[in-house]
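Student: First the structure, then my questions, so here it is.
The values are calculated or read from the model by the stated rules, or taken from the named source; none is laboratory data. In this text the structure is predicted, and so the values were computed from the model without any measurement. Counting neighbours? That spans all protein chains shown, and the Cβs are built from the backbone with ideal geometry, glycine included.
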Amino acid sequence: MAEKSRLWTKGFILDTLVNFLIYIIYYMLMVIIASEAIHSLNATMSEAGLASGIFILGTLLARLFAGRSVELYGRKKMLYAGILFYLATTFMYFAIHSLPMLFLVRCLNGIGYGIASTATSTIVSTMIPAARRGEGINYYALSMSLAAAIGPFIGMLMQQIFPFEDIIYFCIGMIVVCLGAVAVMHVDEMELTEEHRAALKEIHIANFLEPKVTAISIVAFCVAVCYSSVLSFLASYAAELQLMAAGTLFFVVYALAITIARPIAGVMFDRKGEDFVMYPTYACLAIGLLLLSITTQSWMMLLAGVFVGLGYGTFMSNGQAICVKLVKEVRIGVAVSTYFIALDLGLGVGPYMLGAFKESLGFQGIYFFVGIAAIGCAALYYVLYARRRNAGHLVAADAEEVAVEEVEEEEFA
């Protein structure tokens, strides 16, 4: 029993490390690729933005197909495939001599990242004991939040010291480390029945998007749109307010807040239930965004970073825990993929949706609007998920399996 409840296993640590390195590379290149396109390929600002954002298109395409493939073809095989494709397409950066080639490489690189990150999230979800699911996923998700702070810092620092080719060599080295970690990682594969295998091979929407996590995924999309205002506009907003130092430290404070909060939130998720954790995340996100809308001093921007971290950072990991809770093991890959498609889509379309209001509202108006919208996300969570769950329309997979077992025992008796 003690073995079954162990969290910090060799596999859990290695999978979290691989995920951390994958995300480090993603954030490193995301923050420097636009300026590299402008300086090396004479790209316009919109073309440079496309070079940065088209990566997300590749990621979405990969997640759409990777969820079912992880279970159908094997979790470890798909992780290998994703990392090897990530490695091959990272080598392709050396062959870029035109903007069309850059767009192609960025899209393909996003596919490799999407496959690998979907596989790591699926694998770790099956390694964590059910009784410690919230705690385990929150620890695992620290690899993403720390990468979000460390990756941009390393990328911008290296860009000032080294040529772009050396940065790519550094990324390749990290991917090779990932391959070594996967080689020694033990992964429990799902033993599919012929019925399950045939069902996963069928071409219908449920094999690409998990219906049971639709509600929490819609909420995730809306939360990600709100958070995209921070990712896309904070640097420009900080420059406008002449608070560049605070803007630079914003994501460091954000990462520190998540590092402290996530383990606690994970334990509370397991002990008190998801609502005890989720409603405060919407409140914290709203406070952080509304604080940005009235920011005039550095301390206000940094305090906003704390609340945004407690809000979006905590929501992201616990939303994933809800997805895993709602489906049977054979559907975890599709469920996790569906959830991250919604998050990525929100982060991708959010800047375009919100940017349209820049001229009329200004940055302060945008942050006020998304702050109010974050409160609306709490209402959306209640209407789409919590109320339906309380009414019995949404049943957790664990509870469903227990109920089936009890019925079978009664029939046998």
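Student: Out of all the residues in the range 262-281, which are within 18 Å of the chain's Cα centre (by Cα) and surrounded by fewer than 24 Cβ atoms within 10 Å (Cβ to Cβ)?
Tutor: Of everything in the range 262-281, just one residue is within 18 Å of the chain's Cα centre (by Cα) and surrounded by fewer than 24 Cβ atoms within 10 Å (Cβ to Cβ), namely Pro263.
Student: Look through the range 113-170, keep the residues that are modelled with pLDDT under 90 and not in a helix (DSSP H, G or I), and return whichever of them is farthest from Gly313 (Cα to Cα).
Tutor: Looking at the filtered set, the residue picked out is Pro129.
Student: Kindly provide the set of residues from the range 119-162 that are in contact with a Leu (Cβ under 9 Å, 6 or more places away or on another chain) and among the charged types (D, E, K, R), ordered by number.
Tutor: Arg132, Glu135
Student: Can you name the residue in the range 282-329 that is assigned to a helix (DSSP H, G or I) and hydroxyl-bearing (Ser, Thr, Tyr) and, of all such residues, is farthest from the chain's Cα centre (by Cα)?
Tutor: Applying the first criterion (assigned to a helix (DSSP H, G or I)) to the range 282-329 yields 282-293, 298-326, 329.
Pick out the ones that are also hydroxyl-bearing (Ser, Thr, Tyr) and you get 282, 293, 298, 312, 314, 317.
On the way: Tyr282: 17, Ser293: 25, Ser298: 28, Tyr312: 11, Thr314: 11, Ser317: 8 Å.
Out of the qualifying residues, it is Ser298.
Student: Quickly run through the range 247-261 and pick out the residues that are within 18 Å of the chain's Cα centre (by Cα) and buried (at least 18 other Cβ atoms within 10 Å of the Cβ).
Tutor: Hits for the range 247-261 are Phe251, Tyr254, Ala255, Ala257, Ile258, Ala261.
Student: Going through Ile128, Ile96, Ile111, Ile115 one at a time, which residue ends up being of a type outside the set (Gly, Ala, Ser) and under 15 Å from Thr9 (Cα atoms)?
Tutor: Only one candidate passes the filter, namely Ile128.
Student: Is there any pair linking a residue in the range 365-381 that is crowded, with 22+ Cβ neighbours inside 10 Å to one that is of a type outside the set (A, V, I, L, M) and not in a helix (DSSP H, G or I), with Cβ under 9 Å and at least six apart or on different chains, and which?
Tutor: Listed pairs, sorted by first residue: Ile366/Phe357; Tyr367/Thr295.
Student: Looking at Ser35, Ser46, Ser52, Ser5, which is the one that is within 18 Å of Met127 (Cα to Cα), among the hydroxyl-bearing types (Ser, Thr, Tyr) and either outside any helix (DSSP H, G or I) or modelled with pLDDT under 90 (or both)?
Tutor: Just one listed residue meets the conditions, Ser5.
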